[in-house]
1. Over 19 Å apart: what share of the alpha carbon pairs of the range 103-211 falls there, rounded to a whole percent?
2. Between H119 and I217, what length in nm is gained on full extension when 0.36 nm per residue of separation is reduced by their alpha carbon distance?
3. Express in nm, to one decimal, how much length is gained between L38 and E163 on full extension, taking 0.36 nm for each residue of separation and deducting their alpha carbon distance.
4. Pulled fully out, how much extra length does the chain show between H136 and D177, if you take 0.36 nm times their separation in residues and subtract their Cα-Cα distance?
5. How high is the FRET efficiency between L109 and K226 when r is their beta carbon distance and R₀ equals 30 Å, given to the nearest 0.05?
6. With an 8 Å cut-off on Cα pairs and a minimum separation of 6 or more residues, tell me the relative contact order of the range 90-159 in percent.
7. With the convex hull built on the Cα atoms of the range 38-135, state its orientation-averaged projected area in nm².
8. Taking a cut-off of 20 Å between Cα atoms, list the aspartates and glutamates near K226, but don't count ones fewer than 8 places away on the same chain.
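Values in this text are rule-based calculations from the coordinates and carry no lab data. Please read all numbers here as calculations on a predicted model, not as lab measurements. All Cβ positions, even for glycine, are placed from backbone atoms using ideal geometry, and neighbour counts span all protein chains on display.
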Amino acid sequence: MTSAKGSSYDYGLRLYRDLLGLEHLHFGLWAPEDPRDLEGFRTAQERYMQRLLDRFPEGVRRVLDVGAGTGALSLAARERGYEVEALSPCEHQEKALREKTNGDLPFHLARFQDFEPPHRYDLVVCSESAQYVPRHDLFERAKACLTPDGHLLVCDYFRLQPERFYRAAHVLQEFDDAAKESGFRLVEAEDITESVLQTLEVGRDLYDRFVLPLADIARDWASREKPKTSWLAQRVFGKRLKKFQGYLYEKTPAKLDVDAFRERVRYRTMLFAAPVGGAREVRNPAVAGEPAPHGEPSRPAQPPSVTA
């Protein structure tokens, strides 16, 4: 999910889907037997998605997938029988999803904080997209989108302190406070931090093996083959290029540091009940902070009956 309405390019989508061949833009949920490579990453991402689908409360029929990415979650939810609509401010994501579905899955090109729902939803899902929406706007928009007994399902990483490390992520305590202030009630929470850390290990390996060498090759080629253009770019865009190099060679590797992430970030799945009405019975309930055993197959959901 991008930060501005109508943004026509999503570098994360191009990197994950076109370069790495991945259909998901989120962390993976790893099991001990998963190989620590790209194939293992695919398996872990699929497990993450299935576990998220298993968190859908009983009785849900209409779902809004906020920050839909490639549309993998939207399509998987539809296969389980839910009526799904996708939302993103990114035109590239809209195009990717329409190509997959021939345009028969409703897509809203908008930022969530600006979204005016055409009707109410039983469930709003934010899979690594809550971090792109100001926390108070997130809960107020969710309140406007949900039925009186609806739910908000958030799966994302959160900073423990208001620091620059992963600064796009919400501070966990501030996020919890915003939920309470908006009248949302936490029904279920699970800390899956330890189960996602291998994503960083594999990410750092892929980054070192592919991204950095490609960047070095591109820079060397420009210096040798296009020296005048390279010199002009340095003169005109010197500050921006220096900032980009800092992100490429310093900030991104720092964000892939497993120990730093474990110490300063928490990855959580949280299910909130809308302010009006009680929570439905939840399938596959989890104790807060106690992940389900690794490697267990996700229990098949009992999809609602949906009339054509």
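1. Numbers: 3140 of 5886 pairs.
Taking all Cα-Cα pairs of the range 103-211, the fraction more than 19 Å apart is 53 percent.
2. On the way: separation 98, 0.36 × 98 = 35.28 nm, distance 5.06 nm.
Fully extending the segment from H119 to I217 adds 30.2 nm.
3. Values: separation 125, 0.36 × 125 = 45.00 nm, distance 3.08 nm.
Gain on stretching L38 to E163: 41.9 nm.
4. On the way: separation 41, 0.36 × 41 = 14.76 nm, distance 0.95 nm.
Residue separation times 0.36 nm, minus the Cα-Cα distance, leaves 13.8 nm.
5. Values: r = 37 Å, r/R0 = 1.22.
According to the calculation, E is roughly 0.25.
6. Details: 66 pairs, mean separation 24.1, N = 70.
Worked out over the range 90-159, it gives 34 percent.
7. Values: hull surface 27.2 nm².
The orientation-averaged projected area of the Cα hull of the range 38-135 comes to 6.8 nm².
8. Counting by Cα, and skipping residues close in sequence, K226 has these aspartates and glutamates nearby: D216.
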